[in-house]
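The values are calculated or read from the model by the stated rules, or taken from the named source; none is laboratory data. If you're wondering where the values come from, they're calculated on a predicted model, not measured in any experiment. As a convention, Cβ positions derive from the backbone with ideal geometry for all residues, glycine included, and neighbour counts pool all protein chains shown.
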Amino acid sequence: MEEDSCKPFMFYSYVNDHVGFCGSIKQLPSDFVVTEIDTSGQFVNEIATDHKSKDTSSEQFKICQQECKRPRLSSPELCLEEECCSVPDDGALCTAEGLPPSARGAEDFEDSNVLACQLDKVATLDSLLEDSVCERLRLFACNVKDVWNSKSEPAVYPSDFSLGPILDKRTRASLHCAIRQQYPCLITITKCGEIVVKANQDYQELCHLVSEEEACGFLKFLDAKIEDSKFAFRPDGNKEHRKKVHHFISNKFGKLVETKSFPDPQQNAVVVVRFRERYGFRKRTNADSGEKQEIYTAFTLRKENLETLEAIGYLSSELGVLSSDFSYTGIKDKKAITYQAMVVKKVTPKRLKELGRSSEKKGMCVANVRPASQPLRLGQLQGNHFCILVRNLKQHSSDCSASLKERIVEAIENVKKNGFINYYGPQRFGQGKNVQTDQIGLALLNEELVKAVRLFFTPEDTDDPVNKAKKYFLQTEDAKGTLAMLPDFKVREKMLVRALNRYGINQEGCCRGWLSIPHSMRILYVHAYCSKIWNEAASYRIKTYGTKVVNGDLIFAEESAANSSLNAKVHVVTFAEEMASKYTINKVILPMVGYSIQYPANKVGEWYHERLARDGLQACKFRLPTLQLNVPGCYRHILKYPHNLSYSFLKDNESKKVTGDSPLDDSVTSLSMSFWLDSSCYATVCLGEIMKCDI
């Protein structure tokens, strides 16, 4: 870090009054080693498995661990590649998160025997209705079709047909199913125990796109809701027509089913439909269904100079599962060597181990592979351990009143004692980018979806293929051309552009585009905005009240019921408690904005409302049903402390440690630090408080 860049963090305050010093971090991935600490206090790279044999990846994993403990003092060029996330490229999909690619084609989706077997079990109308009622129902269905097919002025027929009151609920359910199976052109509704039959307008619209036989088959498939069944339309060589079919099904039934096009032997394509797992059928317990339990496999992922979501994208592609099938406790730094716990669904330990050295070529290593019983949750860890090397140590340009060593020791000891403000780190916002993630999050919260897309595609000041594609999109709004220009590894961008090409670059099309990105990625932009507001609130709180706890501050109550709501656990500091100095600053919490939090009852609370109003969010409910996003909010301590912080000085020319009592001469230019932080704390923020310069 050069001297002219040694300036305070943007909108950051400090709780320590030392001078600090300058230095460089993350010149090499091995300069910044992060290891998760699980809820039992164990390092995730030291978890023992029950397997006696050691596979190749485990051996390589241990070698990598040892290499990370040895600081290297060479200085290659920094990697400036834009952070990205890789997920499988799924072709033309009408889904929110996509389906894994199938190497076997559309024939794998045909399950007509199962469907026919299940439909045979549906009660017939003859067994449920009298002959006269059945005949009237048949005539009503014929009349409906006559109206649709009439080219001249159609005869006037009743718009609905009543079967009369049917008191038994099971009989009504059987009738609903039987009528829709025998007459897909009709729909049924219940009014006060009476079944009313009407024309099915969705059927009529679908018949304008596909044959009547296909429309009947699709609606019968839809109504049956048979688990794991699929429906295939006839092969279609017209891409624009297939788009219309995808679009129609997505608009009408998108919450229930998802579609995908598969090639067929005649070089056409087949639109295949299957039920979404969460909507197509009721989740049954093992006792109900007799089915085997969902498979989960836990492992430790070592990655180097790789973003967490990018690593998941590669693994999901190799294993043929969704990115959303992976669970983890948090996102880890890109420019670092990191070890983190993960769990993948639908993959056995044996299959995961078969990845072998192919993952190592991508800068990853998988080890400690073992069966698991459930996925991980965000924040399900005790903290993270950091081994950090700070190079090119020097004093601030204006500091000449003490030696460099004195400044370093003073800074570290102060932060050990007094802590640091628990800001969200700059990597949360896309450090160094022209448009940061919080700006996109604000546009999403304001439901300015077209603006959010344009912000998403704002290029950086480089001329690489990705930024060329972004510039082209903003200049032309040619989604199809942009899609061809984007490299394969920019999967988020390609998923969004593919949806824009299908639905258009308008409010509805951009909504579809954002929904094409998995929820876990989509929510990151909104969380980035909420994090920015928290950072600004923390700075305002410290500047307004300092480190004194005042009336209206929020803390977690010392005694609260374990099953009580989050807000019930929050206590508002009273004036009497302020006068008695009952609490210290490390107890104070600030809310992360959302729909279920309360604000401080002092100037800080007023600041929150004014700040949100400035961004046009004074009426925001932090619920975005159109984007399937809900932001409840949470609370975060203002102050945090590094645990077990130790440090030593290193000589570049000898690559050896210098003890704390030794003089710091000109050959010593690096500082090695080791400490751990609670979950959701940023080591770069802790370093910022120690060094008092921009990290």
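Can you find even one residue in segment 629-644 that is surrounded by fewer than 13 Cβ atoms within 10 Å (Cβ to Cβ), at pLDDT 90 or above and touching a helix residue (DSSP H, G or I) at 6+ places or on another chain (Cβ under 9 Å)?
Scanning segment 629-644, I find no residue that is surrounded by fewer than 13 Cβ atoms within 10 Å (Cβ to Cβ), at pLDDT 90 or above and touching a helix residue (DSSP H, G or I) at 6+ places or on another chain (Cβ under 9 Å), so the answer is no.
Please find, among Met495, Met485, the residue that is crowded, with 16+ Cβ neighbours inside 10 Å and within 18 Å of the chain's Cα centre (by Cα).
On inspection, the qualifying residue turns out to be Met495.
To keep it simple, each residue is scored yes or no on (1) among the hydrophobic types (A, V, I, L, M, F, W, C); (2) without any contact (Cβ under 8 Å) to a residue 60 or more places away in the chain.
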position	(1), (2)
Asp160	no, yes
Lys169	no, yes
Ile179	yes, yes
Cys185	yes, yes
Glu213	no, yes
Arg242	no, no
Phe248	yes, yes
Lys252	no, yes
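Just to be sure I understand, how many residues within segment 154-173 are surrounded by 18 or more Cβ atoms within 10 Å (Cβ to Cβ) and within 46 Å of the chain's Cα centre (by Cα)?
Matching residues across segment 154-173 total 1.
Matching residues to (1) crowded, with 20+ Cβ neighbours inside 10 Å; (2) in contact with a Leu (Cβ under 7 Å, 6 or more places away or on another chain); (3) modelled with pLDDT of 95 or more:
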residue: Glu354; (1), (2), (3): no, no, no
residue: Ala367; (1), (2), (3): yes, no, no
residue: Arg377; (1), (2), (3): no, no, no
residue: Leu393; (1), (2), (3): yes, yes, no
residue: Gln431; (1), (2), (3): no, no, no
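Please work out if Leu474 is hydrophobic (A, V, I, L, M, F, W, C) and over 22 Å from the mean Cα position of the chain (by Cα). So that I can check it myself, show each step before the final result.
Numbers: hydrophobic (A, V, I, L, M, F, W, C): yes; over 22 Å from the mean Cα position of the chain (by Cα): yes.
Yes; evaluated as a whole, the condition is true for this residue.
Taking the options Asn551, Asn506, Asn535, name whichever one is under 26 Å from Pro465 (Cα atoms) and polar (S, T, N, Q).
Working: Asn551 fails: under 26 Å from Pro465 (Cα atoms); Asn535 fails: under 26 Å from Pro465 (Cα atoms).
So the residue among Asn551, Asn506, Asn535 that is under 26 Å from Pro465 (Cα atoms) and polar (S, T, N, Q) is Asn506.
How many residues does segment 231-249 hold that are touching a Lys or Arg at 6+ places or on another chain (Cβ under 8 Å) and assigned to a helix (DSSP H, G or I)?
Count: 3.
Looking only at segment 569-596, count every residue that is assigned to a helix (DSSP H, G or I), crowded, with 16+ Cβ neighbours inside 10 Å and over 31 Å from the mean Cα position of the chain (by Cα) and tell me the total.
Looking only at that region, the number is 3.
Of all residues in segment 28-65, how many are crowded, with 21+ Cβ neighbours inside 10 Å and modelled with pLDDT under 90?
Here the count works out to 3.
Based on what the data block shows, is Ala232 surrounded by 13 or more Cβ atoms within 10 Å (Cβ to Cβ) and out of contact with any strand residue (DSSP E or B) (no Cβ under 9 Å at 6 or more places or on another chain)? First the steps, then the outcome.
Numbers: surrounded by 13 or more Cβ atoms within 10 Å (Cβ to Cβ): yes; out of contact with any strand residue (DSSP E or B) (no Cβ under 9 Å at 6 or more places or on another chain): no.
Answer is no for this residue.
If you go through segment 296-343, how many residues are under 19 Å from Asp678 (Cα atoms) and hydroxyl-bearing (Ser, Thr, Tyr)?
Number of matching residues: 4.
Restricting the first residue to segment 439-465 and requiring it to be more than 21 Å from Leu612 (Cα to Cα), which pairs with a second residue that is of a type in the set (D, E, K, R) and surrounded by 15 or more Cβ atoms within 10 Å (Cβ to Cβ) meet a Cβ separation below 6 Å and a spacing of at least six or different chains?
Phe457/Lys470; Pro459/Lys470; Pro459/Lys471
Would you please name the residue that is surrounded by the fewest Cβ atoms within 10 Å (Cβ to Cβ), looking only at residues in segment 466-482 that are under 18 Å from Ile440 (Cβ atoms) and basic (Lys, Arg)?
Checked segment 466-482; the qualifying residue surrounded by the fewest Cβ atoms within 10 Å (Cβ to Cβ) is Lys471.
Just the residues that are part of a strand (DSSP E or B) and of a type in the set (D, E, K, R), please, taken from segment 179-230.
Restricting attention to segment 179-230, the residues satisfying the condition of being part of a strand (DSSP E or B) are 186-191, 194-199, 230.
If the condition is that a residue be part of a strand (DSSP E or B) and of a type in the set (D, E, K, R), then Lys191, Glu194, Lys198, Lys230 are the ones that fit.
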